[in-house]
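Here is the structure we will look at, set down as structure tokens.
The values are calculated or read from the model by the stated rules, or taken from the named source; none is laboratory data. Remember, predicted model here, so these are calculated numbers, not experimental data. Neighbour counts run over all protein chains shown; Cβ positions are idealised from the backbone, glycine included.
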Amino acid sequence: MTMPITPSLSEQQIADYHEDGYVIIRNVLSATEANDLRRVVQEKVKRGAYPPKLSYPEPAKYTVSGNRLAESGLTSISEHPTVIGAVESVLGQPAHLTAFVAYLRTPGDKGGGAHCDYKRWRPVGSSMNWVFAIIPLTDFDPVYGPFLVSPKSHKLTRVIDEEAHILDVNRPDRSQLPDFIDPELKAGDLLIVNEHVWHEAPAGTSTEDRCGIFNKYCAVNAPPAAGYYPYNPAALEALSDDGKRLIPVCFDKPIETTRLLIECPNGGEPGFLLRRDDETNCWELPGGEGWEEEKLVGWDDGARVGSLQELTRTQLGL
């Protein structure tokens, strides 16, 4: 998987993506490549995955993600030239890797319900222009479990005010969702999915693991509102020289504090809200010591937006 970036998608493929919310490129990985990567993911899960309370092969969805892209056998798929070429074609911009994710569902897992992954409070889902890059490592069929999409469902979400200083979108009406379809993904295919497209992953009947790569990329001019996932130096160094541009933020220290900037223009000059801390008697930005969220978001570390919301609710009554 070490080759130059391939040409962009055709104009028709890009048009199809914007119309339907997704585009499929078949056979990006050979059968051998997909099978080899599947075995790598299985071995990584057996050695430890999220959530840590589970023990393989207990029926569940297991995740190998984030900085684990530096581990042997996992790095190259994140900078695969065909994947990056397709991603940047539909984004219309160079891309940043906002999430490296390998999923494994063991037999007996209940699958995943219908949802979309644009989420304003998460480092991965809060960009205004990002995509899934999904590569099945087993067939996504009725046996292993299909991956269904709702074509054109991304059109249910609109930017409320294109001229606003802070962009916001409306909440989609689930009752208006177009019917879900099965794109009949095979191992090694590539599915590029718009951030606002609704999808679901019904359970299968197979006695074998269901595996896939579910990476996310955003346009460089649309950084996540909640901040980038903090990759560490090992993850950055694992990528090729060309691939290093995909990592926008790199450090190996934990995020300890989180602060809120509230701009308060005054006579044409910018100003920011400060509050006086009763203990230190100092003026400071709202916020303080943060903590990682474990419920629901799990491996999606980084922004600590939940802790910031709780702190500012207490400090400012917001």
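What is the residue count in segment 117-127 for residues that are under 17 Å from Arg171 (Cβ atoms) and either at pLDDT 95 or above or under 11 Å from the mean Cα position of the chain (by Cα) (or both)?
Of the residues in segment 117-127, 6 are under 17 Å from Arg171 (Cβ atoms) and either at pLDDT 95 or above or under 11 Å from the mean Cα position of the chain (by Cα) (or both).
Any idea which residue in segment 171-191 is nearest to Cys211 (Cα to Cα), counting only those that are among the aliphatic types (A, V, I, L, M) and surrounded by 15 or more Cβ atoms within 10 Å (Cβ to Cβ)?
In the first step, residues of segment 171-191 are kept if they are among the aliphatic types (A, V, I, L, M); the result is 177, 181, 185, 187, 190-191.
Those left that are additionally surrounded by 15 or more Cβ atoms within 10 Å (Cβ to Cβ): 177, 185, 187, 190-191.
Values: Leu177: 27, Leu185: 12, Ala187: 9, Leu190: 14, Leu191: 14 Å.
Restricting to residues being among the aliphatic types (A, V, I, L, M) and surrounded by 15 or more Cβ atoms within 10 Å (Cβ to Cβ), the top hit is Ala187.
Which numbered condition trips up Val159, out of (1) modelled with pLDDT of 95 or more; (2) surrounded by fewer than 18 Cβ atoms within 10 Å (Cβ to Cβ)?
It fails just one condition, (1).
Being at pLDDT 95 or above and assigned to a loop (DSSP other than H, G, I, E, B) is the filter here; which residues of segment 173-186 pass it?
Leu177, Pro178, Asp179, Phe180, Asp182, Pro183, Glu184, Leu185, Lys186
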